[in-house]
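Before any comments, here is the structure.
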Amino acid sequence: MFDETPLVMIEDAEGLAKLVAKLSEAPVIGVDTESDSMFSYQEKVCLLQFSDSEADYIVDPLKIDDMSPLGEVMSNPDIVKVFHGADYDVVCMNRDYGFKIVNLFDTMVAAQFLAFDKLGLADLIGRFFGHEIEKKFQRHDWSRRPLHKEHLDYARGDTHWLLAIRELLIWRLQEAGRLTHVDEECALLEQREWTARPDDPHAYLRVKGSRDLKDGEKRILRRLYEWRDKVAAEGNRPPYKVVPDSVMVTLARKKPEDVDDLDRIFSKKSAMKRRYGNELVAAVAQGLEDDFEVPSRPPSRPKASSGPSGPPARLRGGLLDRAATALKDWRNDLTRKDKTMTSVTVVSNSTLKSIAAVRPTTLEELAEIPDVRQWQVQDHGEAILAVLDKVAPVLETDDDDKPLFQEKKSGSGRRRRR
């Protein structure tokens, strides 16, 4: 499958220095990472894969103390870094090593703008080269050592084809007139950074099934959730591998008073019951003693940081809903008529709602909305404004020269200002 392409393993500082020197001379490199998110409480990068025109390289960061030399390559604007689904990799490398990625090309984003029906890397490899890629290691624990040949073949396969795929996609994007669209999206991906999620005291209310619990049962669930998180952190295990969400919800409903009561929930030979039985019963008892007020619904998730606020909202209530619906109808009609377009290559629902709320009256105002891309303004700006002019035309301006809008209603002919 890899023809005569050599595989170079990098497992020490000397090998890393040689790799940095080699990659620094390449105009284009393929990049990927493997992490252990399904096997640890705090995930980490366990492998970094690179490919240039001559070889595939696998770096083992678990054997190298200082990964910072690679930062020079990742931030070098003269080297194109080709990823597939870059968002996760960019965030992980920023979190673990502080890398800043410059000059990124994402083959998945490119495939989206070409309206491919299947966007996975294996799908692109099969589409362009006719090779079927083994997927059985997608859920492998990449923190485990040693790495066997089948692990290395899977890992290198994630970058081996990227350079050739990029060339094929660029040609098609140029034909479709959408290369600049992908460039803009990739530039935004470069800005992704890891931010720790703030503590959320209401996280237990986001457990699947918690909405159907009574308040007393939710108090029990909170104690179980807090206990599980503590155990998971101490053992460096994903919380769901300590006790699944469904089991915690069942415990909150059943309210076992002692270990014997757990037989109503677990089988008698359950390792979970044997290992955590007393602690689970204790957490349930603590929840029964709690008397705090339970929110009727999970509050909004706390935000680590706030991005640009953008222009203030002008439309609210029913007029906002009608404007958003009109924009969605326009977008859906467009994608229905032109099969080379999708919601990704026009405007997503969330962005349409932001546009409707702001109700821009000019292309300049449209471009100021944080979710709106420049290519969207160029390709669809005039059409978006035309739709808004129909559903909420400008009636007049107030004393501060702010536009007031007329709501068009069928039949009555009445007008309402917003």
Calculated FRET value between His202 and Ala164, using beta carbons and R₀ = 60 Å, to 0.05: 0.80
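Would the chain count as rounded, prolate or oblate if I go by the C-alpha gyration tensor, calling it rounded below 1.5 in a/c and otherwise prolate when a/b exceeds b/c, oblate otherwise?
oblate
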Cleavage-rule hits (trypsin sites (Lys or Arg not before Pro)) in segment 44-124: DSSP loop, at most 11 neighbouring Cβ within 10 angstrom: Lys118
In debye, nearest 20: dipole of segment 7-190 around its Cα centre with unit charges on the Cβ of K, R (+) and D, E (-)? 340
Could you tell me which of rounded, prolate or oblate describes segment 7-190, using a ≥ b ≥ c as the square roots of the eigenvalues of the alpha-carbon gyration tensor, with rounded for a/c under 1.5 and, failing that, prolate when a/b is larger than b/c and oblate otherwise? prolate
Rounded to the nearest 500, what is the chain's calculated 222 nm mean residue ellipticity when only DSSP H runs of at least 4 contribute -39500 (n - 2.57) each, over all residues? -14000 deg cm²/dmol
Taking amide H positions as placed 1.01 Å from N in the peptide plane, with prolines and chain starts having none, which residues 5 or more places from Phe405, or on another chain, fall under 5 Å of its amide H? Leu395, Arg418
Apply the Karplus parameterisation 6.51 cos²θ - 1.76 cosθ + 1.60, with θ equal to phi minus 60°, to every residue of segment 189-196 and state each ³J(HN,Hα) to the nearest whole Hz, in sequence, with x for glycine and proline. 4, 4, 7, 5, 9, 7, 10, 5
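Using the Cα gyration tensor of segment 269-351, with a ≥ b ≥ c the square roots of its eigenvalues, what is the shape: rounded (a/c below 1.5), prolate (a/b larger than b/c) or oblate (neither)?
Cα axes put segment 269-351 in the prolate bin.
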With a 28 Å threshold on alpha-carbon distance, the violating pairs from Lys230/Lys273; Lys135/Lys254; Lys18/Lys118; Lys135/Lys273; Lys208/Lys273; Lys353/Lys402 are Lys135/Lys254; Lys18/Lys118; Lys135/Lys273
Selected from Asp153, Asp338, Asp78 as most flexible by GNM, with the chain as the system and alpha-carbon contacts under 10 Å: Asp338
Per residue of segment 143-160, in order, report the coupling 6.51 cos²θ - 1.76 cosθ + 1.60 (Karplus, θ = phi - 60°) as ³J(HN,Hα) in whole Hz, putting x for Gly and Pro. 7, 7, 10, x, 8, 9, 4, 5, 5, 5, 5, 5, 5, 5, x, 6, 10, 3
Can you list the GluC sites (Glu not before Pro) in segment 14-58 that are in a DSSP coil and have 11 or fewer other beta carbons within 10 angstrom? Glu25, Glu54
Over the chain, calculate the relative contact order: mean separation of alpha carbon pairs under 8 Å at least 6 apart, over the residue count, as a percent. 13
Under the rule of at least 5 residues apart or a separate chain, name every residue whose amide H is placed under 5 Å from the amide H of His84. Thr107
Taking placed amide H atoms and a strict 5 Å upper bound, the residues 5 or more places from Leu47 or on another chain that come that close are Glu34
Per residue of segment 218-235, in order, report the coupling 6.51 cos²θ - 1.76 cosθ + 1.60 (Karplus, θ = phi - 60°) as ³J(HN,Hα) in whole Hz, putting x for Gly and Pro. 5, 5, 5, 4, 4, 5, 5, 4, 5, 5, 4, 5, 5, 5, 5, 5, 5, x
Distance between the C-alpha centers of segment 208-267 and segment 119-167? Whole Å please. 37
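Every number here is computed from the coordinates shown, using simple stated rules; none is lab data. Predicted model only: the values in this text are computed from it and were never measured. With ideal geometry, Cβ positions are generated from the backbone for all residues, glycine too; neighbour counts draw on all protein chains shown.
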